[in-house]
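The values are calculated or read from the model by the stated rules, or taken from the named source; none is laboratory data. In this text, all values refer to a predicted model and were calculated from it rather than measured experimentally. Reconstructed Cβ throughout: ideal geometry from the backbone, glycine too, with neighbour counts over all protein chains shown.
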Amino acid sequence: QQRRGVLELLLECPDVRLTLAKLFEVCPRLQPRYYSISSPGAAAPGALHVTCTVVREPLYGGRVFEGVCSGYIARLSKGDRVRCFARTTGFKLPLMPSIPVILIGAGAGVAPLRG
């Protein structure tokens, strides 16, 4: 089943009148998107790399839905700067690098494995 965006709904229901103010009122605010950092700090000092999948899905009527954040990231060029923040974590590796560890990042994809 294909998704419908606001534009598709308005085209299908021409009797509905929606002002821009009302649209902003009823649409939820964008929430932050959290991505796994996929660059090792020592190998890329001063840089932060993320790995993400660009969300692209067909919409009813032929348009293509593109994820706001993943689409934005996909359009960036090397060297572009992006305003972001990092959440703190309690994760710590053992002090001795010789101690083996098993890392499981359920739902994180390949990003944690790149570093």
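Listed by position, the helices (runs of 4 or more DSSP H) contained in segment 1-101 that have at least 3 residues being of a type in the set (A, V, I, L, M, F, W, C) and surrounded by 10 or more Cβ atoms within 10 Å (Cβ to Cβ) are 6-12, 68-74. For segment 4-31, filtering for residues that are under 30 Å from residue 88 (Cβ atoms) and free of Cβ contacts under 8 Å to residues at least 12 places away in the same chain leaves 3. The residues of segment 80-98 that are at pLDDT 85 or above and within 19 Å of residue 42 (Cα to Cα), listed by number, are 94, 95, 96, 97, 98. Screening 61, 71, 46 for residues that are under 30 Å from residue 92 (Cα atoms), without any contact (Cβ under 8 Å) to a residue 60 or more places away in the chain and small (Gly, Ala, Ser) leaves exactly one candidate, 46. Of the residues making up segment 31-51, those that are modelled with pLDDT under 85 and either under 17 Å from residue 87 (Cβ atoms) or touching a Pro at 6+ places or on another chain (Cβ under 8 Å) (or both) number 12.
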